[in-house]
Amino acid sequence: MFLKVLQKEKKRFADLAADLDLKEIYIPKPQCPACCTVRVKSITNVMNSYPVILQFLQPLAESNEGVANKARGLYDQFSKGEVYLGLRICQGLFSETECLSVVLEKKTMTVAGASEAINVVLKCLIEKRNEDGFNHLWSEMDSKVVEYELIFPTLPRSKKTPKRLQQSNYAVPDYQFASPEELYRKVYFE
């Protein structure tokens, strides 16, 4: 339903992009229901149009139109810095795996070539999974939180272990992360 409204209001979306001096604008389109993969192009286009999407969703969320509830939910999600961080992480992961997918689908691909391509992609993904990679993503997210006026990531509410489990042999002590950065660092390396 939201994408139908967006298709009707392409001009307003394009005008918002022009006001922000964005060179390339991307108007989200419905995905093919038969496609079960996420394309990096879609993630990249959303990342490039992030401020436009926020400005487009805000008045829709505050309106009384039938799409207001969905727009409010999307706006609330896009307003979170952790969603921006998640999209950036996905963009890095899926760019490598999508290239591998294209290579593996070639008719001329051999088993030895496929094995080599897989090893190259695995090596590349392992190289991205380091402290510098996380620090770069976190600092980028931090600057975008300020630039786009997003909500800075917070720690989830702490959960106490039930008393009946605290006294068992398998009791795990309650752990609270010191900062959101520490929490997302753990998620990044999992």
*Counting Lys and Arg as +1 and Asp and Glu as -1, each charge on the Cβ, what is the dipole of the stretch 44-190 about the Cα centre in debye, to the nearest 20?*
680 debye
*Between Lys80 and residues 5 or more places away or on another chain, which pairs have amide H atoms under 5 Å apart, with H built 1.01 Å from N, and which residues are they?*
Ile151
*Just check the stretch 79-190 against the gyration tensor rule for me: Cα atoms, a ≥ b ≥ c as the square roots of the eigenvalues, rounded for a/c under 1.5, and otherwise prolate or oblate depending on whether a/b exceeds b/c.*
oblate
_Overall Cα dimensions of the stretch 55-145 - principal axes, largest extent first, Å_ = 59, 34, 14
_With θ taken as phi - 60° and the coefficients 6.51, -1.76 and 1.60, list the Karplus ³J(HN,Hα) couplings across the stretch 175-189 in order, rounded to whole Hz; mark glycine and proline as x._
10, 10, 5, 6, 8, x, 4, 5, 4, 6, 5, 4, 4, 4, 8
*Give me Tyr84, Tyr50, Tyr148 ranked fewest to most by other Cβ atoms within 10 Å of their Cβ, as a rough exposure proxy.*
Tyr148, Tyr50, Tyr84
*Arranged by the count of other C-beta atoms within 10 angstrom, fewest first, what order do Thr110, Thr97, Thr154 take?*
Thr110, Thr154, Thr97
*Taking a threshold of 31 Å on the Cα-Cα distance, which of the pairs Lys41/Lys159; Lys41/Lys144; Lys41/Lys80; Lys10/Lys106; Lys80/Lys128; Lys106/Lys128 fall above it?*
Lys41/Lys159; Lys10/Lys106
*Fewest-first sequence of Ile53, Ile126 by Cβ atoms within 10 Å of each Cβ*: Ile126, Ile53
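Bear in mind these aren't lab numbers, they're just calculated from the coordinates by the rules spelled out. These numbers were taken from a predicted model, which means no experiment stands behind them. In this analysis, Cβ positions are derived from the backbone assuming ideal geometry, glycine residues included, and neighbour counts consider all displayed protein chains.
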